[in-house]
Structure formats: C-alpha cells, structure tokens
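Visitor: Below is a structure I'd like to ask you about.
The values are calculated or read from the model by the stated rules, or taken from the named source; none is laboratory data. Since we're looking at a predicted model, the values are computed, not measured. Ideal geometry is used to build each Cβ from the backbone, glycine not excepted, and the neighbour counts take in all protein chains shown.
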Amino acid sequence: MAVQGVEVWVGLGSNLDAPEQQLELALALLQPLALDDSLQCSSFYLSKALLTDSAHDENGQQPDYVNAVARMRTILAPHDLLQQLQAIETRQGRVRDEQTLRWSARTLDLDILLYGDEQIDTPTLTVPHSAIHSREFVLYPMYELSPTLMIPRLGELARLVKRCPMRGMRLLNDDRGESGVENAP
C-alpha cells in the first residue's frame, strides 16, 4: 500500500546571488522531501521587496525578488519539515542572526504556507502562513497550481486573489510555459 502523506505548500523567494538559480537548487533539494513525483512548482514571478534595506543601495532599495510556490506530498511532520527547509536555506547561504532584519534581502526564503488542512500556531510555526491572504507573490502562484484551493480559516483562494492586487508583480520570462495568472478572477 502506497503512503499517502500530507499535501504541503511551500513559498520560495530569493533576491540575492542569482535568485533564479537559488530557486532551482531549492526545488532540487525539496525533491527528496516529497513523496514519489508529487513536487510541483508554479512559474517564477518577479516582485518588489516588501521593505527597503539600507544595506543594499544608496536609496535603501533591495533587489527585486524571484518568487514561486511549490506543492508536494510529504510524510514529514510540520516541525520536521520546517527544520529541513531551514537546513536548505542555510546550505544556500541564508544567515539567521539577531542583526538580520525580518524582511532583509536573502539568498533563499522557504516558508510553509499550508500543511494539509491543519492550523498550527506555535512560537516557531504558524500555518496557514500568517500573511498568506495579503501576499500577491504567494496567492497568484498558488492560484496557478490550484484555482479551486480552499485555505483553512480563510476560505476560497480565488476570493483572496480577487482582493489582492498584483502591485507590479509579473511573470518572470523563463521556459516554464504560460502562467495561470492571466486567468485569475
């Protein structure tokens, strides 16, 4: 009998050190965490950083982010998955210390967005992700993969997408084909 696992959604983002390659490598490292061939990834999107960061240019502007969303089935428990994601971030040069700003530029950011239908609220993990409803760089890639998705506590993904403007986010030109964003509600 095949192991079913749980469907998880992971947000990927990078704006340092060849962001597209950072996401491609992260996807390769996520593959062993996924059951069978369950790993799927949205198109890559280019979006502006949430906040400025004086460490990057004279105007405090960070480089644009490359973002995507992956979904997969896994047998890892939520906190075990979080630990594995943080190990991938560290392997790719992510620095976590008291001096690092929460929204500072980074080589890689991996966030658990959804873990099945579970609602988790611990000091180290909140699922669904606490800002999922307002982040275009999460909602639109999720919609591309599953327009009928229901998000625990928040309802229909399509409704959330309707309420969230793209704020300049755009599909990154790559060889992944057409995005489902053009058909967003």
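Visitor: Hydrophobic (A, V, I, L, M, F, W, C), under 16 Å from the mean Cα position of the chain (by Cα), surrounded by 15 or more Cβ atoms within 10 Å (Cβ to Cβ) and in a loop (DSSP other than H, G, I, E, B): is that true of residue 68 in this structure? Give the derivation first.
Guide: Values: hydrophobic (A, V, I, L, M, F, W, C): yes; under 16 Å from the mean Cα position of the chain (by Cα): yes; surrounded by 15 or more Cβ atoms within 10 Å (Cβ to Cβ): yes; in a loop (DSSP other than H, G, I, E, B): no.
Taking the combined requirement at face value, the residue does not satisfy it.
Visitor: Of all the residues that make up region 1-18, how many are modelled with pLDDT of 95 or more and touching a Gly at 6+ places or on another chain (Cβ under 8 Å)?
Guide: Total satisfying the criteria: 3.
Visitor: Condition first: out of contact with any Ser or Thr (no Cβ under 8 Å at 6 or more places or on another chain) and assigned to a strand (DSSP E or B). Now tell me which residues in region 114-152 satisfy that.
Guide: Hits for region 114-152 are 114, 115, 121, 126, 127, 150, 151.
Visitor: With the checklist (1) at pLDDT below 95; (2) of a type in the set (Asp, Glu); (3) assigned to a loop (DSSP other than H, G, I, E, B) in hand, flag the one item residue 89 doesn't pass.
Guide: (3)
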